[in-house]
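The next block holds one structure in the form of structure tokens; read it before the comments.
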Amino acid sequence: MILLSLPSRTDRDLYPALMSPELNAKYPTDHKAFVRIDVSLRMYWHTLFDICPELLELSGLDGMSIFRPFMAWAGEKKLAFDWSYYLWVYVWLRQSPFKDRLLADDKYLRSVMAASAARWAILDRGRDCGIVIGCADTRNLVIGWKCRSVRLGREIELIEPEEPLPAPPDIFGYFTLQTFELDVFPGWQSLAR
Amino acid sequence: MRLGFNFTLGDTYDMAQRLIAEGHIDYCEFLIDNFFCVDPDELAKAFDCPVGLHIMYSKFLEADRPTLVDFAARLRDYIDALNPIYVSDHILRFSHEGRAFFHLGEIDYSTEYESVRDRVVAWQDIVGHRIHFENYPSIMDGGREAPAFFERLMKETGAGVLFDASNAVCAHRNCGTPFEAWRNVIAEAQHFHVAGYRHSLVEPFISLDTHAEALAPDTLAFLRDFRSVFDKPGATMTYERDDRIEFDDIVADLKLLRDLFGQPEERRHDLALSA
Ligand SMILES: [Fe+2]
Ligand SMILES: [Fe+2]
């Protein structure tokens with residue numbers, strides 16, 4: 001039996017570690033706290049790679065060469081891990097050793113934009129009906145619509161506009177729609193951390 | 001005991017209809033904030049059965065008042081249109097220092113009681129409806145304090161508990177919270193959840209509330225041992241399934257629950273009327 005010097009009576013004692021592979025490593029692996037943190041970290045892993053499996057082509061099957069440095073970077077930047085989670089992974093990849101391979105095929109970008117649009121559509125609880133995501137690396141837009149009928153789920157659309165919108169000032173920009181119609185361009189909002 | 005099924009998104013619409021038509025369930029539980037862009041009248045007509053409303057993302061322990069007021073205003077439209085059997089929410093943490101958990105966090109029952117109680121009072125007041133709060137599938141030892149916390153919370157706020165039986169089984173397995181400690185909570189509660197769980201991938205194994213597998217033997221034994229404490233007039237039990245959604249598997253579990261609790265009073269009455 002290993003005596004654990006870190007507090008671990010309650011779940012709350014572990015909150016900071018629940019999103020930090022680095023902190024998880026400080027807990028002995030045969031302790032329940034380690035497993036609980038591991039469960040949490042796996043959720044971040046699966047949320048990324050189950051939805052964007054293409055990224056595993058860059059990282060290798062266990063995803064760790066992306067996951068670990070990204071989580072550490074996200075920790076430094078205090079990313080909120082809101083709907084924009086996937087977009088931030090792309091932002092990180094763009095300044096990582098994976099950059100050239102990332103930019104050589106736009107399937108990665110399409111995948112993260114669709115994933116973030118879907119996550120917004122399922123998690124946002126504001127009054128908006130849809131979100132439009134744009135990126136400086138493409139003219140295409142991705143729209144996420146919330147569930148609008150009891151028989152449907154959320155819907156994701158890829159749009160190739162005839163007249164492209166101005167590029168967002170940062171890598172990504174977004175705006176939200178108050179109706180189920182894409183009929184306005186109020187300008188780009190930057191991602192919140 | 002009326003049995004229900006959790007309806008979280010449109011993909012399971014046809015299946016939920018079939019569960020109702022074939023008499024496997026008596027009501028549906030909507031994960032209501034998933035449907036905030038659906039017209040309340042459309043939702044009210046969706047199923048020919050009573051409904052419960054389960055809130056997932058009010059984040060009432062964390063959100064500021066204007067956000068909660070706006071959330072509640074929309075919730076109210078659905079309460080008014082659907083006249084639900086109950087409205088329920090969760091006592092848990094969605095974030096730490098502004099950063100979201102993807103596996104939600106349990107509160108510290110001993111140090112956070114007062115602040116949670118005040119939030120519960122305020123949230124029920126904003127919604128204008130009694131709310132039943134769900135217990136967490138505890139992992140860490142702090143979970144042993146949950147039964148006393150919920151008992152006191154009910155007493156001091158008038159709130160109900162939506163008692164998730166398999167969450168209590170997970171807590172029992174993970175941190176040894178005795179089933180007996182929940183007796184008063186179960187006796188007071190009208191509304192229940194039950195689902196499958198699975199083990200963590202790494203040792204020492206912990207049990208995780210996954211809603212993806214069949215009811216476990218110890219969950220069924222718990223329900224059997226406390227059958228008379230669970231069952232009461234007006235009681236409901238929602239069978240939760242969010243993954244590996246197979247009609248036959250779900251029906252098999254619902255049949256086990258029917259065998260255990262028998263046909264509900266309400267349905268027996270319906271059947272007598274239509275006979
Ligand atoms: Fe729940
Ligand atoms: Fe539940």
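The values are calculated or read from the model by the stated rules, or taken from the named source; none is laboratory data. Quantities reported herein were computed from a predicted structural model and do not represent experimental measurements. Backbone-built Cβ (ideal geometry, glycine too); neighbour counts: all protein chains shown. What goes into the accessible areas is simple: the full protein's heavy atoms, side chains included, and nothing from ligands, DNA or RNA. Shrake-Rupley method; radii C 1.70, N 1.55, O 1.52, S 1.80 Å.
I'd like to know if the stretch A:21-32 contains one or more residues that are more than 11 Å from chain B (Cβ to nearest Cβ), in contact with a Pro (Cβ under 7 Å, 6 or more places away or on another chain) and not in a loop (DSSP other than H, G, I, E, B). Taking every residue of the stretch A:21-32 in turn, at least one turns out to be more than 11 Å from chain B (Cβ to nearest Cβ), in contact with a Pro (Cβ under 7 Å, 6 or more places away or on another chain) and not in a loop (DSSP other than H, G, I, E, B). Mind listing just one residue for me: the one in the stretch B:202-220 that is within 11 Å of chain A (Cβ to nearest Cβ) and of a type in the set (Val, Ile, Thr) and, of those, nearest to residue B:258 (Cα to Cα)? Among them, the one singled out is B:210. Scanning the stretch B:154-197 for residues that are touching a strand residue (DSSP E or B) at 6+ places or on another chain (Cβ under 6 Å) and open to solvent by 40 Å² or more (accessible area, probe 1.4 Å) yields a single hit, B:173. Restricting B:89, B:77, B:64 to residues that are touching a residue at least 12 places away in the same chain (Cβ under 8 Å) and either open to solvent by 30 Å² or more (accessible area, probe 1.4 Å) or at positive phi (or both) narrows the list to B:77.
In summary, residue A:44 fulfils each of the numbered conditions (1) part of a helix (DSSP H, G or I); (2) surrounded by fewer than 20 Cβ atoms within 10 Å (Cβ to Cβ) with the single exception of condition (2). Among the residues of the stretch A:150-175, the one identified as out of contact with any Gly (no Cβ under 7 Å at 6 or more places or on another chain) and within 14 Å of chain B (Cβ to nearest Cβ) is A:155. For the stretch A:115-130, the condition of being modelled with pLDDT of 95 or more, open to solvent by less than 30 Å² (accessible area, probe 1.4 Å), over 30 Å from residue B:47 (Cα atoms) and in a strand (DSSP E or B) holds for none of the residues. The strands (runs of 3 or more DSSP E) falling completely within the stretch B:160-262 that include 2 or more residues that are under 21 Å from residue B:9 (Cβ atoms) map to B:160-164, B:191-194, B:236-239. Among the residues of the stretch B:1-30, the ones that are open to solvent by less than 10 Å² (accessible area, probe 1.4 Å) and either among the aromatic types (Phe, Trp, Tyr) or over 17 Å from residue B:162 (Cα atoms) (or both) come to 8 in all.
Scanning the stretch A:71-90 for residues that are small (Gly, Ala, Ser) and assigned to a helix (DSSP H, G or I) gives A:72, A:74, A:75. Restricting attention to the stretch B:115-153, the residues being over 27 Å from residue A:36 (Cβ atoms), open to solvent by 20 Å² or more (accessible area, probe 1.4 Å) and part of a helix (DSSP H, G or I) number 6.
One line per residue, one yes/no per condition, for (1) at pLDDT 95 or above; (2) open to solvent by less than 60 Å² (accessible area, probe 1.4 Å); (3) more than 7 Å from chain B (Cβ to nearest Cβ):
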{"position": "A:39", "(1), (2), (3)": "yes, yes, no"}
{"position": "A:50", "(1), (2), (3)": "yes, no, yes"}
{"position": "A:59", "(1), (2), (3)": "yes, yes, yes"}
{"position": "A:66", "(1), (2), (3)": "yes, yes, yes"}
{"position": "A:75", "(1), (2), (3)": "yes, yes, yes"}
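Considering only residues in the stretch B:211-231 that are under 26 Å from residue A:35 (Cα atoms) and open to solvent by 40 Å² or more (accessible area, probe 1.4 Å), the one that is farthest from ligand 2 (Cβ to nearest atom) turns out to be B:217.
Exactly one residue among A:180, A:185 is more than 21 Å from the chain's Cα centre (by Cα), within 14 Å of another protein chain (Cβ to nearest Cβ), assigned to a loop (DSSP other than H, G, I, E, B) and surrounded by fewer than 19 Cβ atoms within 10 Å (Cβ to Cβ), and that residue is A:180. Could you please find all residues in the stretch B:121-172 being of a type in the set (D, E, K, R), away from ligand 2 (no atom under 15 Å from the Cβ) and away from chain A (no Cβ under 14 Å)? The answer is B:125, B:130, B:151, B:152, B:155, B:156. Check the stretch A:155-166 and report whether any residue there is out of contact with any Pro (no Cβ under 9 Å at 6 or more places or on another chain), within 21 Å of residue A:80 (Cα to Cα) and open to solvent by 30 Å² or more (accessible area, probe 1.4 Å). The answer is no, given that none of the residues of the stretch A:155-166 is out of contact with any Pro (no Cβ under 9 Å at 6 or more places or on another chain), within 21 Å of residue A:80 (Cα to Cα) and open to solvent by 30 Å² or more (accessible area, probe 1.4 Å). If you go through the stretch B:55-74 and pick out every residue that is within 11 Å of chain A (Cβ to nearest Cβ), more than 17 Å from the chain's Cα centre (by Cα) and either within 16 Å of ligand 1 (Cβ to nearest atom) or outside any loop (DSSP other than H, G, I, E, B) (or both), you end up with 6. Here residue A:104 clears all of (1) of a type in the set (Gly, Ala, Ser); (2) under 29 Å from residue B:95 (Cβ atoms); (3) open to solvent by 40 Å² or more (accessible area, probe 1.4 Å) except the condition numbered (2). Residue B:33 passes every criterion in (1) without any contact (Cβ under 8 Å) to a residue 12 or more places away in the chain; (2) among the charged types (D, E, K, R); (3) surrounded by 15 or more Cβ atoms within 10 Å (Cβ to Cβ) apart from (1). Kindly indicate whether residue B:179 is touching a residue at least 12 places away in the same chain (Cβ under 8 Å), within 16 Å of ligand 2 (Cβ to nearest atom) and of a type in the set (Phe, Trp, Tyr). Here the answer is no, as residue B:179 does not meet what is asked.
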